[in-house]
1. Under 5 Å between amide hydrogens, which residues at least 5 positions from ALA177 or on another chain qualify, with H placed 1.01 Å from N in the peptide plane?
2. Quick check: the angle from helix 2-11's long axis to the longest principal axis of the chain, C-alpha only, nearest 10 degrees?
3. For helix 89-101, what angle does its Cα long axis make with the longest principal axis of the chain, in degrees from 0 to 90 and rounded to 10?
4. Put +1 on the Cβ of each Lys and Arg and -1 on the Cβ of each Asp and Glu in the stretch 33-141; which of ALA121, LEU99, ALA34 then has its Cα farthest toward the positive end of the dipole?
5. Using a Gaussian network model of the chain whose springs link C-alpha atoms within less than 10 Å, name the residue from ALA58, ALA256, ALA236 with the highest mean-square fluctuation.
6. How big is the antiparallel share of DSSP beta bridges in the chain, given as a percent to the nearest 5?
7. Looking at the stretch 209-270, which trypsin sites (Lys or Arg not before Pro) are in a loop (DSSP not H, G, I, E or B) and have at most 15 other Cβ atoms within 10 Å?
8. So if I take the centroid of the Cα atoms in the stretch 45-100 and the same for the stretch 178-251, what is the distance between those two points in Å?
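Every number here is computed from the coordinates shown, using simple stated rules; none is lab data. In this text, all values refer to a predicted model and were calculated from it rather than measured experimentally. Cβ atoms come from the backbone with ideal geometry, glycine included; neighbour counts cover every protein chain shown.
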Amino acid sequence: MQKAAIQVRDDYQGVWPDHMAALEKLTGIGPYTAAAIASIAFNEPVPAIDGNAFRVFARLFKIDADIAQPKTRKVFFELGLQLIDPARPGDFNQAIMDLGSSYMSAKNFDSEHSPVKQFNAAYADGTEEFYPVKTKAPKPKPITYFALAVKSPAGYLWEQRPADGLLANFWTMPLYALTDFVNDPDADWTIAEMIAATEQRLLTDYGVKATLTKLAGRPVTHVYTHQKWTVTVLTAEVTEQDLTRGTWRPKTALAADPQPKIQEKIWAKI
């Protein structure tokens, strides 16, 4: 909120913006908070959509849109615009908050005694527990990688990723997924066998002959939306060799290359 306060001081002459659109531009203030401030403090008729509003509106109108999807917020916001009392928008939003945290709470709800019981479509047919609809995000798929920190007098082996796919156009060390070698998930490969297979791929793909050594300590990990990477770093020092792919780059020259977070973690490891 300190950053927001500085913005108010510098951009709004110390006066808080009095409408939702401007409030959302302040650092740390999202749509819900902006609507709550605008309606309660400045009487702007905009609905404050949070978990309580999702629950109340979804049950009253049996809305089956998935609230886990960002686009669904607009559905509820548009409904709220139709329902909100233009004369008392702050009271309306606070009433929805109170309903959602009491009579229409996520658990132990008591719609039988709710002041909006007669308007509750989900209560009428006994389906309240199914609203709002929210799908669970799938757990990120675990993927094991090897990162090859291969160093020559000319620098590290370095390459730009393809223009599509995860990490598109970023620069990294060579990265190999375990599945590049082990097609059978039940195969019982030793770490030595996997390293040997990686050395062969390094020679085949880059033209570099090296003896790789597993870096001591825990692997590097990073979670993407749908994947969880566990990266074992393999190191080697070699003489400068002609490459069939990638380039040798001094570490001092790498800062200009865009690098993903996982590569930053690998640098910190070595």
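1. Excluding prolines and chain starts, which carry no amide H, the hits are PHE146.
2. 70 degrees
3. Around 70 degrees separate the two axes.
4. ALA34
5. ALA256
6. Around 60 percent of the beta bridges assigned by DSSP in the chain are antiparallel ones.
7. Passing both the DSSP loop test and the Cβ count: LYS209, ARG245.
8. Their Cα centres are 51 Å away from one another.
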